[in-house]
Amino acid sequence: MDEELNVTHLTLDWYTEVNKYRYVFFFIMFILYSLIICTNSIILYLIWIHKNLHEPMYIFIAALLLNSVLYSTTVYPKLLIDFLSEKQVTTYSACLFQFFMFYTLVCSEFLLLAAMAYDRYVAICKPLEYQTIMRKTTVSIFLVVAWLVPACHVAVLAIASAEAKLCDSNIKGIFCNNAVYTLQCERSRLITIFGVVALVDLSILPMLFIVFTYTKLFIVSHRSCKEIRKKAAETCLPHLLVLISYSAFFVYDVSIARVKSDFPKTTRIIMTLQIMLYQPLLNPFIYGLKMKEISKHLNKLLSQQISSYLSMFLC
């Protein structure tokens, strides 16, 4: 059995792999983080200012984009600081706080996608009842549940981890994700059991609900007229693209801690970066280009900006 340590600070052991090119990585990560903030914020701004986008579907999209900005912000600033630091260290309490924020926001994404799936189901399969079912109160409840339920689940895991005995002070990763479990001398039964419960409640059940809902939706739309089939494809395809890409990286993140395998550090770094890179960048492009109403307002905004810059240049 490993010897228990009195750990006050943790070391992120990814640094040795990127030390030579840390300024290059800093520049790349800074540009990517800036892109994430800008692209998501533009779509959020469009939804905020245009009243015709104040509908449940667009409100859920706005919540999803806000979620992407928040969970990127739980990782990128610390990562950028680490690239410029001689030593990549953090306290265990700060690490658990990052763990709590990251997984609360990551898991809320599944619940937001489930709410979006339900909204599309009601809109296409029960159009006459849509206004009655998807009221402002209903949307507000969905949003509160999407953020509150994951927070309660992940809080239990974070608190239990805070009480755990540590036998290692090196985190095998670039930030405090599931890798915090590898620091513990022995994973408690509470963490193991509740981790499975959280996995089922916050990812597997919402995913099954989404698959069932869209299957039902496509069956109904296939039997309907061409206009309804077109509407289903236009509004549901972006959600499915987001779900598929998000699920693939989530499975990796969960398995990397559950399966004790000797992945090369470089492989871990690349795969972990994809989890926090692709999704926040994909969301605004998918919804900005695929959602007709958002795309229309986006094109108008870009046209106005280009015209403004051209007039300034010509003057």
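The figures follow:
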quantity: Failed condition for Ser140, given (1) under 19 Å from the mean Cα position of the chain (by Cα); (2) assigned to a helix (DSSP H, G or I); calculated: (1)
quantity: Matching entry among Ile204, Ile228, Ile193 (being part of a helix (DSSP H, G or I), at pLDDT 80 or above and more than 18 Å from the chain's Cα centre (by Cα)); calculated: Ile193
quantity: Residue match in the range 83-94 (condition: in a helix (DSSP H, G or I) and open to solvent by 60 Å² or more (accessible area, probe 1.4 Å)); calculated: yes
quantity: Long-range neighbours under 8 Å by Cβ, at least six apart or interchain, first residue more than 13 Å from Pro280 (Cβ to Cβ) and touching a residue at least 24 places away in the same chain (Cβ under 8 Å) within the range 38-50, second assigned to a helix (DSSP H, G or I) and aromatic (Phe, Trp, Tyr); calculated: Ile47/Tyr58
quantity: Selected residue (criterion: least open to solvent (accessible area, probe 1.4 Å)) from residues of the range 159-175 that are at pLDDT 85 or above and in contact with a helix residue (DSSP H, G or I) (Cβ under 8 Å, 6 or more places away or on another chain); calculated: Ser161
quantity: Criterion violated by Val156 - all others in (1) under 22 Å from the mean Cα position of the chain (by Cα); (2) closer than 27 Å to Phe26 by Cα; (3) in a helix (DSSP H, G or I) satisfied; calculated: (2)
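Each row is one residue, and each column tells you yes or no for (1) aromatic (Phe, Trp, Tyr); (2) loosely packed, with under 12 Cβ neighbours inside 10 Å; (3) in a helix (DSSP H, G or I); (4) at pLDDT 85 or above.
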| position | (1), (2), (3), (4) |
| --- | --- |
| Glu17 | no, no, yes, no |
| Asn40 | no, no, yes, yes |
| Tyr58 | yes, no, yes, yes |
| Ile61 | no, no, yes, yes |
| Asn67 | no, no, yes, yes |
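The values are calculated or read from the model by the stated rules, or taken from the named source; none is laboratory data. Model, not experiment: these values are computed from the prediction. Quick reminder, even Gly has a Cβ in these numbers, built from the backbone with ideal geometry, and neighbours come from all protein chains shown. These area figures cover heavy atoms from the full protein model, side chains too; ligands, DNA and RNA do not enter into them. Shrake-Rupley method; radii C 1.70, N 1.55, O 1.52, S 1.80 Å.
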